[in-house]
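Novice: Handing you a structure now.
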Amino acid sequence: MSSRGLHPALANGGRPSGGRRARSTAPAPVVVVKRAVPFRMASREAHPQNTVVNAGGVSIGTGALVVIAGPCSVESRRQIREAARHVKAAGATMLRGGAYKPRTSPYDFQGLGRKALEWLAEAGRESGLPVVTEVMSPEDVDLVGQHADLLQVGARNMQNYALLRRLATSPKPVLLKRGPSATIQEWLLAAEYLLSGGNPNVVLCERGIRTFETAMRNTLDLAGVALVKALSHLPVIVDPSHGTGKRALVGPASRAAAAIGADGLLIEVHPHPDLALSDGEQSLNPEEFAAMMRTLRPQAMAAHA
Ligand code: PEP
Ligand code: MN
């Protein structure tokens, strides 16, 4: 029974029976109660209609596919301005770029911090695209919030509760990536920290999970996207760049994500992927991105089906 969300409860609330009055020979009646889902505010039970999150004027969760594109890291003023121009021309709706980078090795490029935030905001203004960037620590939430329209919590920080609690008090919407080893319930409970702490503007992002498979950087859990859309009212977007780790798979995975009902895509695009300081092998160049965007049009999606 418990596998269907139901579990038996004793009529006396599970207290040990004893005393004269409890000494009946009749079996205690069993009452079946529905167990409430633990992610109360993220759940569709609490909120049947889809939530639409406004990020700098872009609505996420309306049914129209939002495409967030740009380099993994902001590397220079020129690089992010060039990236912004290209992704805008190809039809992207938001610009991404990392200023604070969560790298597996402390010897890898860590991001250019405040300077990168300023360049990113400038490129966003110039191109007319709202911007998304990662915030890694509670102390940086105000600063990053001054420059970005959507604050990304990276996969490695999905369960950084101090960061989530701080972001819950930010006026800016949050993009919450799924942890590399997080279950769907853990992911929705992480969202619950933001919602219950006072920030209703949460967008979820599936970016691949760690499985036994090593042929790709991660295993992109697209069925999980459909499940989360059924369980929760929050918008869900897909990151096929980190989800696959391979440039050639970004297009097919993007079309699959759109077909399964994702509200948007987060795609790494670099003016010169071979020169990228991070994630070049999964980044599209501007021409590849433009070609991929054309395949996302409804007629083209049907032709690829
Ligand atoms: C990123 O978006 O560049 C990034 C570091 O993503 P993730 O947290 O999903 O690894
Ligand atoms: Mn990256």
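Novice: Select from the range 144-194 the residues that are over 22 Å from Thr93 (Cβ atoms) and of a type in the set (Lys, Arg) and write down the one among them that is most open to solvent (accessible area, probe 1.4 Å).
Specialist: Checked the range 144-194; the qualifying residue most open to solvent (accessible area, probe 1.4 Å) is Arg165.
Novice: Would a scan of the range 115-122 turn up a residue that is among the acidic types (Asp, Glu), out of contact with any Gly (no Cβ under 7 Å at 6 or more places or on another chain), at pLDDT 95 or above and exposed (fewer than 15 other Cβ atoms within 10 Å of the Cβ)? Walk me through how you get there before you give the answer.
Specialist: Our first condition is that a residue be among the acidic types (Asp, Glu); within the range 115-122, this holds for 118, 122.
Those left that are additionally out of contact with any Gly (no Cβ under 7 Å at 6 or more places or on another chain): 118, 122.
Now narrow it down to the ones that are at pLDDT 95 or above: 118, 122.
When the remaining residues are screened for being exposed (fewer than 15 other Cβ atoms within 10 Å of the Cβ), the result is none.
So far as the range 115-122 goes, no, none of its residues is among the acidic types (Asp, Glu), out of contact with any Gly (no Cβ under 7 Å at 6 or more places or on another chain), at pLDDT 95 or above and exposed (fewer than 15 other Cβ atoms within 10 Å of the Cβ).
Novice: Scanning the range 85-114 for residues that are of a type in the set (A, V, I, L, M) and over 17 Å from Ser241 (Cβ atoms), which turns out surrounded by the most Cβ atoms within 10 Å (Cβ to Cβ)?
Specialist: Ala99
Novice: Okay, moving on. Taking the residues in the range 130-143 that are open to solvent by less than 10 Å² (accessible area, probe 1.4 Å) and aliphatic (A, V, I, L, M) as candidates, determine which candidate is farthest from the chain's Cα centre (by Cα).
Specialist: First, the residues of the range 130-143 that are open to solvent by less than 10 Å² (accessible area, probe 1.4 Å): 131-133, 135, 141.
Among the residues that remain, those that are also aliphatic (A, V, I, L, M) are: 131-132, 135, 141.
On the way: Val131: 15, Val132: 12, Val135: 13, Val141: 18 Å.
If we take residues in the range 130-143 being open to solvent by less than 10 Å² (accessible area, probe 1.4 Å) and aliphatic (A, V, I, L, M), then Val141 is farthest from the chain's Cα centre (by Cα).
Novice: Out of Leu234, Leu175, Leu204, I need the residue that is away from ligand 1 (no atom under 15 Å from the Cβ) and either in a strand (DSSP E or B) or of a type in the set (A, V, I, L, M, F, W, C) (or both). Which one?
Specialist: None of the other options fit; the residue is Leu234.
Novice: Here is a list: Arg81, Arg77, Arg44, Arg125. Which entry is open to solvent by 40 Å² or more (accessible area, probe 1.4 Å) and closer than 30 Å to His233 by Cα?
Specialist: After applying the criteria, what remains is Arg44.
Novice: Something else now. Which members of the range 62-86 meet the condition of being part of a helix (DSSP H, G or I), of a type in the set (A, V, I, L, M) and closer than 14 Å to Phe289 by Cβ?
Specialist: Once the filter is applied, which keeps residues that are part of a helix (DSSP H, G or I), of a type in the set (A, V, I, L, M) and closer than 14 Å to Phe289 by Cβ, the range 62-86 yields Ala83, Ala84.
Novice: Output the residue which, of all residues in the range 207-218 that are open to solvent by less than 40 Å² (accessible area, probe 1.4 Å) and without any contact (Cβ under 8 Å) to a residue 40 or more places away in the chain, is nearest to Val53 (Cα to Cα).
Specialist: Taking the candidates together, the pick is Gly208.
The values are calculated or read from the model by the stated rules, or taken from the named source; none is laboratory data. Small disclaimer: the values here were computed from a predicted structure and weren't measured. Here Cβ is always computed from backbone atoms with ideal geometry, including for glycine, and neighbour counts include all displayed protein chains. Remember, those area values only see protein heavy atoms, side chains included, never the ligands or the DNA or RNA. Shrake-Rupley method; radii C 1.70, N 1.55, O 1.52, S 1.80 Å.
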